[in-house]
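Have a look at the structure below before the remarks.
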Amino acid sequence: MAEITVTRANFEEEVLKSELPVLVDFWASWCGPCRMVAPIVSEIAEENEGSIKVCKIDVDANPELAGEFAVNSIPTLMVFKNGVCVNTLVGARPKAAIMAMFG
């Protein structure tokens, strides 16, 4: 399963009601650090298929979701478990740091 594009319309179903832990990447197409972390996020999605769900939220297209989760800088990566945000990282980070969020 590749990354899932999430909007307000499918956020609850894909993120909050997910049986799997969810990595949510808040990003924008014009953001350099977002483009740097994108291949890492894709790799995590591919390598952890079936154990982690990876979702991407374009903050320009979904400003209300970004606001709801107080996303002031991008990329912001959040891990949701059982519908609750349990960890947040801001900025382009190495794969090990992102995977450690699931600890």
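The values are calculated or read from the model by the stated rules, or taken from the named source; none is laboratory data. None of these values were measured; they are calculated from a predicted model. Using ideal geometry, Cβ is built from the backbone for each residue, glycine included, and neighbour counts are taken over all protein chains shown. SASA here: full protein model, heavy atoms, side chains in, ligands and nucleic acids out. Shrake-Rupley method; radii C 1.70, N 1.55, O 1.52, S 1.80 Å.
The single condition from (1) touching a Lys or Arg at 6+ places or on another chain (Cβ under 7 Å); (2) among the small types (Gly, Ala, Ser); (3) assigned to a helix (DSSP H, G or I) that Ala66 fails is (1).
When the range 69-83 is filtered for residues that are part of a strand (DSSP E or B) and touching a helix residue (DSSP H, G or I) at 6+ places or on another chain (Cβ under 7 Å), the ones remaining, listed by number, are Leu77, Phe80. In the range 8-49, which residues are among the charged types (D, E, K, R), buried (at least 18 other Cβ atoms within 10 Å of the Cβ) and in contact (Cβ under 8 Å) with a residue 60 or more places away in the chain? None; the set is empty. Among the numbered conditions (1) in a loop (DSSP other than H, G, I, E, B); (2) of a type in the set (A, V, I, L, M); (3) modelled with pLDDT of 95 or more, the only one that Met1 does not meet is (3).
For every residue, the table says whether it meets (1) open to solvent by less than 70 Å² (accessible area, probe 1.4 Å); (2) closer than 11 Å to Phe26 by Cβ; (3) without any contact (Cβ under 8 Å) to a residue 40 or more places away in the chain.
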position	(1), (2), (3)
Cys55	yes, yes, no
Asp58	yes, yes, no
Leu65	yes, yes, no
Val71	yes, yes, no
Leu77	yes, yes, no
Asn87	yes, no, yes
Gly91	yes, no, no
